[in-house]
Amino acid sequence: MIKKLLDRIFKPKHAKTEAGKSETNKSKQPQSTRPVLSTKKSSRKNADSDRNSAQIIAQKTHKIDRKLLSNAAFKTVEGLQKAGFEAYIVGGAVRDLLLNRIPKDFDVATDATPEEVNRVFRRSRIIGRRFRLVHVLFGDETIEVSTFRGSHLDSEGDSKVTDSGRIIRDNVFGSIVDDAVRRDFTANALYYDPTSQEVLDFHNGFADIQAGVLRMIGKPETRYAEDPVRMLRAVRLSAKLGLKIDPATQAPIAKMADLLQDVPPSRLFDEMLKLFLSGHAMESVSALREQHLHHGLLPMLDVVLEQPMGERFVMLALQNTDDRILSGKSANPSFLFATLLWHEMLAAWEVYKKDGHHTIPALHMAMSEVIATQAEKLAIHNRYTATMKEIWGMQPRFEQRAGKRPFGLLTHPRYRAGYDFLLLRCESGELPMELGEWWTKFAEADAETRTAMLQTDTAPKKRKKRSRKKAGGTTAVPETQ
């Protein structure tokens with residue numbers, strides 16, 4: 001107390017003035033522009049204006065059962081809304097719920113920036129370059145959260161477009177109205193708020209789903225130029241969902257198919273995987289042919305499909321894949337692509353054998369050539385191509401049913417995949433059914449029965465090299481080859 005009193009009496013007057021100035025200057029300093037999570041609030045005026053732009057569909061009309069939502073999706077929306085942001089479940093999940101299908105995954109759209117989403121959820125990470133997203137993690141489930149997208153034509157945004165019109169980067173944020181315009185099909189431009197249980201519909205997507213129509217938002221030619229993969233997506237969704245492609249949406253596809261050549265191979269491969277592993281690969285391939293989109297996607301696939309034996313083999317493989325997926329089983333992409341490219345590999349193999357190469361070296365040369373050729377269009381991951389080569393490499397060994405070779409093949413780590421591949425070849429007529437039946441019995445038999453089933457080994461025996469004796473009587477070591 002005494003110290004404070006003495007400071008008040010003897011402290012210079014100018015010190016108080018300086019302190020006052022310091023406080024004044026401090027208050028005049030510019031505030032940090034970094035968004036503060038706790039004070040972030042959506043403009044109610046703007047949000048109300050956006051809602052007025054949409055058709056609001058109540059729960060009694062759309063009849064979406066909120067219990068079908070994943071707990072992670074609900075918590076993501078709830079967490080963002082509690083933090084003061086707009087947030088909705090969007091895209092394919094809403095579409096599937098309206099079609100009485102169980103969504104495979106759930107995506108969320110919000111007016112929060114990726115950094116703000118990242119601050120709301122402790123277990124989250126920002127990903128992507130073409131358009132930044134946030135993956136929010138709940139146990140083994142991942143919810144993809146995107147910020148409302150704006151127009152890529154905005155000169156102030158981080159966007160880049162090629163001369164052909166293809167968007168290669170569009171980190172441009174906007175309102176929910178802008179975001180709805182940027183989506184591809186009307187059926188995918190629906191926003192579901194699980195809190196109010198309302199669906200916001202900006203482009204009559206609800207009516208199109210009820211009518212069974214897949215319609216592009218905006219001018220189809222422009223939207224395909226922005227992203228040519230949308231042509232493949234139209235085919236895939238039409239086959240998967242049983243929706244008829246709107247005539248205006250379908251018309252430009254055939255003449256714009258060449259734009260797919262400008263798509264990065266990795267994106268093309270991902271879209272082809274979705275197409276062939278949708279559980280509706282048969283319908284998808286038929287639709288690809290109708291839209292003239294199969295040419296060049298998988299090298300020579302169009303030629304294979306025009307050959308009686310090749311088409312039967314491919315269709316059997318696709319049917320087998322569909323049956324597995326629809327029954328809840330997994331499907332191996334390596335096996336699928338091995339079947340799709342098999343007849344091209346056979347053709348290349350024959351060429352190398354005619355050129356004088358031995359059977360097995362010719363096989364390996366053909367495998368490398370086919371995979372290298374398709375890599376120009378589809379970036380099939382190395383982990384898939386390695387398995388494809390193993391499946392192909394086993395096929396000549398299945399025709400060897402003498403000696404110890406069949407026993408060795410049964411222990412191969414990829415035996416089951418190679419055996420299933422063999423059965424497809426037999427069923428398509430490429431090989432006699434007797435060969436497949438023999439291997440089925442051999443695999444199920446006991447050791448004694450297997451030995452009795454072996455065929456006579458007619459392969460020429462390799463002559464053992466006899467060691468030469470030197471003059472001094474010592475035995476010379478055989479020369480290595």
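The values are calculated or read from the model by the stated rules, or taken from the named source; none is laboratory data. Predicted model only: the values in this text are computed from it and were never measured. No Cβ is skipped: glycine too gets one built from the backbone with ideal geometry, and neighbour counts run over all protein chains shown. With ligands, DNA and RNA removed, areas are computed over all heavy atoms of the protein, side chains included. Shrake-Rupley method; radii C 1.70, N 1.55, O 1.52, S 1.80 Å.
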Lys, Arg +1 and Asp, Glu -1 on Cβ, resulting dipole of the range 302-421 about Cα centre, debye, nearest 20:
700
Step through the residues of the range 208-217 one at a time and calculate ³J(HN,Hα) from phi using the Karplus curve (6.51 cos²θ - 1.76 cosθ + 1.60, θ = phi - 60°), rounding each to whole Hz and writing x for Gly and Pro.
5, 5, 5, 8, x, 10, 9, 10, 6, 7
At 7 Å along the Cα-to-beta-carbon direction for both HIS292 and THR373, put a label point, then send me their distance in nm to one decimal.
2.3
Derived scalar couplings ³J(HN,Hα) [the range 271-276; Karplus, 6.51 cos²θ - 1.76 cosθ + 1.60; whole Hz; x for Gly, Pro]
6, 5, 4, 4, 5, 7
Tell me whether the range 191-349 comes out rounded, prolate or oblate; compute the Cα gyration tensor, take square roots of the eigenvalues as a ≥ b ≥ c, and use a/c under 1.5 as the rounded threshold.
prolate
First compute the accessible area of the range 276-347 with a 1.4 Å probe, then give the percent of it belonging to carbon and sulfur atoms.
55
Using the Karplus equation 6.51 cos²θ - 1.76 cosθ + 1.60 (θ = phi - 60°), what ³J(HN,Hα) coupling, rounded to whole Hz, does each residue of the range 345-360 give in order, writing x for Gly and Pro?
5, 4, 5, 5, 4, 4, 4, 5, 5, 5, 7, x, 7, 5, 3, 6
So between ARG125 and ALA445, what do we pick up on full extension, going 0.36 nm a residue minus the alpha carbon distance?
109.9 nm
What's the ranking of 262-270, 55-63 by average number of surrounding C-beta atoms within 10 Å, highest first?
262-270, 55-63
Residues whose modelled amide H sits under 5 Å from the amide H of PHE138, counting only those 5 or more places away in sequence or on another chain, are ILE143
Under 13 Å from the LYS104 label point (7 Å along Cα→beta-carbon), backbone N, the range 208-247:
233, 236-241
If you roll a 1.4 angstrom probe over the protein chains with everything in place, what fraction of the accessible area of the range 75-140 belongs to carbon and sulfur, to the nearest %?
45
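What is the packing order of peptides 415-425, 116-126, taking the mean over residues of other C-beta atoms within 10 Å and listing the highest first?
The densest-packed peptide leads the list: 415-425, 116-126.
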